[in-house]
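The values are calculated or read from the model by the stated rules, or taken from the named source; none is laboratory data. These numbers come from a predicted model, not from an experiment. FYI the Cβ positions are ideal-geometry reconstructions off the backbone, even for glycines, and counts take in every protein chain you see. Quick note on the areas: whole protein, heavy atoms, side chains included, nothing else; ligands and nucleic acids left out. Shrake-Rupley method; radii C 1.70, N 1.55, O 1.52, S 1.80 Å.
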Amino acid sequence: MKEELKIDVLDQNFINSILKYSWGNLSILSYQFGYNDDNGINWLIQRNKGYEDYPVLQATGLIIIANGDPYTILLECSSGRIYTIDSETEVGEKMLIADNFEQLVRGMGTAQYACWSKRETEFIQLIEHITQGVGMPFWHSLVGSY
């Protein structure tokens, strides 16, 4: 993947996550990390190479790691920070949503549980407290509240 996408430095924690989990079969709420692929790395490579603004992502050290509605989730390769953009947002206006991939998955998993148990308001209050309000449009979108 590093070679195909011409990535010099890739966050080791993200690498560990790819190696530890079945990347190609991970989805949370409306977000897909891979696509029913025994080797989810293929999806990562193709999704990035097929993205019309991939040169912009590459120049800023970002790769797409998930697609959903309405956001695309990006990994900052060197730091491991997770950002998001939507179809109307330029890469330079990306929104920080997690300090690392594990934090993202925990947050999204908690959002999924909140939806199942009808505790969306509690989830939003928790995330707002944890993040001091950073990235709230994304977190609100996960549980369907704005």
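The table below gives the values:
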{"item": "Strands (runs of 3 or more DSSP E) lying entirely in the stretch 1-108 (those with 1 or more residues that are of a type in the set (Val, Ile, Thr) and either under 27 Å from Gln132 (Cβ atoms) or in contact (Cβ under 8 Å) with a residue 40 or more places away in the chain (or both))", "result": "26-28, 62-67, 71-76, 82-86, 95-98"}
{"item": "Those residues of the stretch 12-22 which are more than 20 Å from Lys49 (Cβ to Cβ) and open to solvent by less than 90 Å² (accessible area, probe 1.4 Å), in sequence order", "result": "Asn16, Ser17, Ser22"}
{"item": "Matching option when the condition is more than 20 Å from Tyr35 (Cβ to Cβ), acidic (Asp, Glu) and within 14 Å of the chain's Cα centre (by Cα), among Asp86, Asp69", "result": "Asp86"}
{"item": "Lone qualifier among Arg81, Arg47 - being among the basic types (Lys, Arg) and within 21 Å of Ser27 (Cβ to Cβ)", "result": "Arg47"}
{"item": "Residues that are open to solvent by 40 Å² or more (accessible area, probe 1.4 Å), within 16 Å of the chain's Cα centre (by Cα) and of a type in the set (A, V, I, L, M), drawn from the stretch 125-146", "result": "Val134"}
{"item": "Any hit, the stretch 96-106, residues being more than 15 Å from the chain's Cα centre (by Cα) and at pLDDT below 95", "result": "no"}
